[in-house]
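Notes for the one structure printed next.
The values are calculated or read from the model by the stated rules, or taken from the named source; none is laboratory data. Since the structure is predicted, the reported quantities are computational estimates derived from the model, not experimental observations. Counting neighbours? That spans all protein chains shown, and the Cβs are built from the backbone with ideal geometry, glycine included.
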Amino acid sequence: MKSLALFRLPLVFFSLLLALSAHAKVRVLTSIKPLQLIAAAVQDGLGTPDVLLPPWASPHAYALRPSEVRKVAEADLFYWIGPNLENFLPRVLSSRDKASIAVQQLAGLELRQFAADGNSNADANHRPGMIDAHLWLLPANARVIAGRMAADLAALDPAHAPRYQANLAAFSERLDTLDKRLSGELSAAEGRPFFVFHRAFDYFEAAYGLKHAGVFSIALEVTPGARQVAAMRERLQQAGAGCVFYEPPMRPRLAETLIAGLPLRLEPLDALGSAIKVNARGYETLMENLSRDLTGCLLRS
């Protein structure tokens, strides 16, 4: 009897390994935090998505470390915006043998292009005619992205397909509620002047009736000439009371100089949600924070 019991142990252990492998979590990796937050809503209760870029890193220009290249290679599903945002990724993804989804190519998205704007200094990532890659700042686009993620996860993990679809339905319902709430909150800020240092918020502005008065596209490491600074100051003076928003954690070195003596407030506005905790409601928190920070400044100016 004892020998028979010993014989059964390896069989039990092998069966346990098979059961664990059958229910292994799908490894989801996203390039940036907003996509991670959307994925977290879809994976809720079945896994936690990982993110490639560290907090506060710019997706426009980033140098991957060897460990990060390995992370990309090992993920079961990888989601990124596309070459209009993470232009450092195509070379790395060319050698990847698992699914890589550039979400800017998904059917059903509402995509915007940068228009010519005489009040802004376009840089290489924001030239007129280019796709505006900050597409996650529109709830309708988040819904499309979540739908693709749910389908991909269900295909790799069919045992939990009903749960992914239930998570998707709950997220979609919350997005409807979120959209209505933000429309009400931001209606009071319509027409209030504000300036930004990065043209990242056009989707959000268009959705909720806002419009920046100007963009100061200045590289943080470059000091503009006196004539350019004077022109910026003149535009701010003409605007009167209002707000100037920068993306944390870096405050442009010229920010304080530009607004000195003017009735303007300088405040952070984070399009990436870099400090937000990853959970099923993280995307809503990102959008709510933008609404809170915009109205908090604009309605006090």
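Can you say whether Ala188 is farther than 30 Å from Asp76 by Cβ and assigned to a helix (DSSP H, G or I), as far as the supplied structure shows? For Ala188, the condition - farther than 30 Å from Asp76 by Cβ and assigned to a helix (DSSP H, G or I) - is met. Of the residues making up segment 238-294, those that are farther than 20 Å from Leu37 by Cα and acidic (Asp, Glu) number 2. Exactly one residue among Gly108, Gly191, Gly118 is at pLDDT 95 or above and either assigned by TED's automatic domain parsing to the domain that holds Asp270 or surrounded by fewer than 20 Cβ atoms within 10 Å (Cβ to Cβ) (or both), and that residue is Gly108. Ile276 fulfils the conditions (1) over 30 Å from Asn167 (Cβ atoms); (2) in contact with a Ser or Thr (Cβ under 7 Å, 6 or more places away or on another chain) except for a single criterion, (1). For segment 125-176, residues that are touching a Ser or Thr at 6+ places or on another chain (Cβ under 9 Å) and acidic (Asp, Glu) total 0. Checked across segment 236-243, the condition of being closer than 17 Å to Gly191 by Cβ and either in the same structural domain as Ala41 (by TED's automatic domain parsing) or modelled with pLDDT under 85 (or both) holds for at least one residue.
Applying the condition of being in a loop (DSSP other than H, G, I, E, B) and touching a strand residue (DSSP E or B) at 6+ places or on another chain (Cβ under 7 Å) to segment 248-281 and asking which residue is surrounded by the fewest Cβ atoms within 10 Å (Cβ to Cβ) yields Pro248. Beta carbons closer than 7 Å, at least 6 apart along the sequence or on distinct chains, pair a first residue in segment 168-187 that is closer than 15 Å to Leu138 by Cβ with a second that is among the hydroxyl-bearing types (Ser, Thr, Tyr) and surrounded by 14 or more Cβ atoms within 10 Å (Cβ to Cβ) for Leu182/Tyr208; Leu182/Ser291; Ser183/Tyr208; Leu186/Tyr208; Leu186/Ser291; Leu186/Thr295.
Residues checked against (1) of a type in the set (Lys, Arg); (2) at pLDDT 95 or above; (3) surrounded by fewer than 19 Cβ atoms within 10 Å (Cβ to Cβ); (4) part of a loop (DSSP other than H, G, I, E, B):
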position: Val42; (1), (2), (3), (4): no, yes, no, no
position: Leu46; (1), (2), (3), (4): no, yes, yes, yes
position: Leu53; (1), (2), (3), (4): no, yes, no, yes
position: Ala73; (1), (2), (3), (4): no, yes, yes, no
position: Asn87; (1), (2), (3), (4): no, no, yes, yes
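Filtering segment 145-157 to residues that are part of a helix (DSSP H, G or I) and either in contact (Cβ under 8 Å) with a residue 40 or more places away in the chain or not hydrophobic (A, V, I, L, M, F, W, C) (or both) leaves Ile145, Ala146, Gly147, Arg148, Met149, Ala150, Asp152, Leu153, Leu156. Among Ala206, Ala200, which is the only one that is under 30 Å from Val42 (Cβ atoms), in the same structural domain as Ser291 (by TED's automatic domain parsing) and not in a helix (DSSP H, G or I)? Every option except Ala200 fails the conditions.
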